[in-house]
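The values are calculated or read from the model by the stated rules, or taken from the named source; none is laboratory data. Keep in mind it's a predicted model, so treat the numbers as computed, not measured. A quick note on method: Cβ atoms are made from the backbone with ideal geometry, for glycine too, and the neighbour counts reach across all protein chains shown. Ligands, DNA and RNA are stripped out before the accessible areas are found, and what is left, the full protein with its side chains, is counted by its heavy atoms. Shrake-Rupley method; radii C 1.70, N 1.55, O 1.52, S 1.80 Å.
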Amino acid sequence: MSPIRSATAAALASAVLATTLTGCQFGADEQDTSPIVIAADLELSGAAASAGKAYQRALELKVEQLNSSGALNGRNVELRVKDNRSDASESLRNIGDFSADSQVSALIMGGCDECAVGAVRTIDEKRIPTIALAPSSGVSSPVAERRYVFKLSPNAADSAGALAAEMRRKGVRKASVLHSDDAYGREGLTVLRAEFAKAGVKLLRAEAVRSTDTEVSRQIRDVVKPKPDALVVWTPAEQATLAATAAKEAKFEGDLFFDAAAAGDLFLGAASGATERTTMVFTQTMVIDDVIATTPAKAARRQWFQSYTARFGDYSGSSSFAADAVQLIADAELRAGGEPGQVNRDGIRDVLETIQMDGLSGPIRITPDNHSGLMPQALTTLVARNGRWRLAG
């Protein structure tokens, strides 16, 4: 790898802002020093607690950076977090509490698909702008029924397309799939079937695992039995690691591919032996230390990566989505206008619906017809080498 060039002072400043919004002009007729209150409904306990805690760390770090940057026209971001216990009913109660608080500008939801999809009606009725980090397309589509809901995570169709392209490049002709038994997993199987057909890859077998499963050996034995050239694992990170270990124990000799939802930490730890040479589709920020910072946006991503790893000792792949959500809401608040000290939720929603940003996760574009902001260009191909993820190639 080429050595990464040092970031300039301007690039470091952009790391704090992590944004290149189009047409962003902040008025200053009357100084407003009220806090920008962002609520967060996260999975801090229960089945998805590890992901929820990673989101919380990222949110807190990003808020700290923004508040120390002086870039918010004299205002600060205040974060209010509730644990939904990985339960959709508890999440709905949290959303009710947050929406009733007139100080809350907007809401960030974690990676729980069931929580986000189950809350869309309430969110629209309460008219609270919400950015969900859950992956299912049902979070943000159809837009007409989700006017106040936006999504910031890789899209299933984009991930499947990138995986199929890489499989075609590697000469894969036959594949099996292990997917999560939830909305995103079923969506993944559907889009993989379509992409496999275009790439000339035959689907031999597909098996599902429940989100609570901590043993996947039986399903792995079933999907590798017909001897596929490749196995696609479309599950959360913890189960993807279990699947890789079970595949090795089953003496699977084909190629292993992970969907973006399987991205966990940068360093693979005890699973490094089982995941060696695994291919994963994810955002470049996960391996930004392999990339020359040729633009302010890349320098910003590298600075975020360094700040996160310096604080927490590892890097969580999903952290950039949470940080970008904070940035989007803060920018939308500043642009929405309204009376000083008064939250303009409708104005924030309207700004979010047309916002553009070259974020920490990659290019983000939200439109009235598409509330899922992460662009396909944000995804790249990574490979597990020597116990960590690296840029492929």
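Details
- All positions within the stretch 187-202 that are touching a strand residue (DSSP E or B) at 6+ places or on another chain (Cβ under 8 Å), open to solvent by less than 40 Å² (accessible area, probe 1.4 Å) and not hydrophobic (A, V, I, L, M, F, W, C): 188
- Only one of the numbered conditions (1) of a type in the set (Lys, Arg); (2) under 22 Å from residue 129 (Cβ atoms); (3) in a helix (DSSP H, G or I) is violated by residue 75, and that is (3).
- The sole residue among 123, 128 that is in contact (Cβ under 8 Å) with a residue 12 or more places away in the chain and part of a helix (DSSP H, G or I) is 123.
- The number of residues in the stretch 163-218 being within 20 Å of the chain's Cα centre (by Cα) and not in a helix (DSSP H, G or I) comes to 5.
- Positions within the stretch 325-353 being open to solvent by 50 Å² or more (accessible area, probe 1.4 Å) and closer than 30 Å to residue 390 by Cβ, in sequence order: none
- Residue in the stretch 356-370 that is closer than 29 Å to residue 170 by Cα, open to solvent by 20 Å² or more (accessible area, probe 1.4 Å) and part of a loop (DSSP other than H, G, I, E, B) present: no
- Among the helices (runs of 4 or more DSSP H) confined to the stretch 220-324, there are none with at least 1 residues that are in contact with a Cys (Cβ under 6 Å, 6 or more places away or on another chain), of a type in the set (A, V, I, L, M) and open to solvent by 10 Å² or more (accessible area, probe 1.4 Å).
- Filtering the stretch 203-212 to residues that are open to solvent by 10 Å² or more (accessible area, probe 1.4 Å) and in contact with a helix residue (DSSP H, G or I) (Cβ under 7 Å, 6 or more places away or on another chain) leaves 203, 205, 206, 207, 208.
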